[in-house]
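Below you'll find the structure, written out as structure tokens, and then a few comments.
The values are calculated or read from the model by the stated rules, or taken from the named source; none is laboratory data. Note that this is a predicted model, so its numbers are computed, not measured. A quick note on method: Cβ atoms are made from the backbone with ideal geometry, for glycine too, and the neighbour counts reach across all protein chains shown. These area figures cover heavy atoms from the full protein model, side chains too; ligands, DNA and RNA do not enter into them. Shrake-Rupley method; radii C 1.70, N 1.55, O 1.52, S 1.80 Å.
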Amino acid sequence: MTINYRTIIIDDEALARERLKKMLQHYTNRIEIVGEIRNGNQAIEQIEFLKPDLIFLDIQMPGKSGFEVLQEITHQPLVIFCTAYDQYALKAFETCSVDYLLKPLKEDCLSRSIEKLDLLRPNEIQTDIEKLLSQHINKFTRKELTSIPVKIGDRVIFVSLEDVSHFAAEDKYVKIHTISGKEYLIDHSLNYLEEKLGNGFARVQRGFIINISYIKEIKRYMGGKYILKLNNYNSSKIITGRNYQEVIKELMVF
């Protein structure tokens, strides 16, 4: 018998939620979306209230991480993690009876996850989830992002943040620019990246996040703006936003 899963999507990035909802339209006979959540605190409240059968859960979110959400809820749905973590982190999930999807999401991976649902039962995975949390929550909540997954054809490569000179918004996507001149498109927004990246990166205008390690020169420009010259293959020049003056001034303090 086909089971209809009452489902909540939990992800702080609007673009990621929209992408997943669009992909789930192919499974309306299996998946009924009853909620859409953008932060960990709200997720706990809505899971307890709506008591879904299934949640698609991001790991790093404002308020509480996905791991902390699972620790605090009493109602335990089936869980499919949606994560941008690298392969080492993903290996931790392979020992548990929960599934994961690597961002950016792929149709075939989602299809396999849906097929697995009939093999999973909430009571059977409760112990495995608790084991995962106890073993890995401290490691993952402290883990800093070190690479960005990029889908290229039927494979995913990981671009080291050390090789990234800057991120630039491009229509509905973001382009990664590396110091060697290579470029990659990803689905994540700059807002999403700004939250995930460490102190080595700075948002200098609405359309750009830069790796401060590769700033070669800062020059005053008109209207309270600055021109940043980067030490990368293309010697990129970026004009900062007027509202980012304080960020630039902090970069110039020794």
Exercise. Rounded to the nearest 10 Å², what accessible area does LYS182 show when all protein chains are kept and the probe is 1.4 Å?
Worked result: 120 Å²
Problem set entry | Ranking by accessible area, most exposed first, for ARG155, ARG30 with a 1.4 Å probe | ARG155, ARG30
Exercise. How high is the FRET efficiency between GLN71 and TYR233 when r is their beta carbon distance and R₀ equals 35 Å, given to the nearest 0.05?
Worked result: 0.20
Exercise. Which value, in Å³ per residue, describes the convex hull spanned by the Cα atoms of the stretch 193-254?
Worked result: 90 Å³
Problem set entry | Calculated log₁₀ intensity ratio I(q)/I(0) where the Debye formula runs over C-alpha points of the stretch 18-81, q = 0.18, 0.22, 0.29 Å⁻¹ | -0.63, -0.93, -1.40
For this session: Hey, could you get me the Stokes-Einstein D for the stretch 137-222, Kirkwood radius over alpha-carbon pairs, 37 °C and 0.692 mPa s, rounded to whole µm² s⁻¹?
Result: 237 µm²/s
Seminar exercise, completed: With every protein chain in place, the accessible area of ARG19 for a 1.4 Å probe, in Å² rounded to the nearest 10, comes to 80 Å²
Problem set entry | Estimated FRET transfer efficiency when R0 is 25 angstrom, pair MET222-VAL253 (beta carbons, to 0.05) | 0.65
Exercise. In nm, to one decimal, how far is the modelled label at ILE157 from the one at ASN29, with both set 7 Å along Cα→Cβ?
Worked result: 4.0 nm
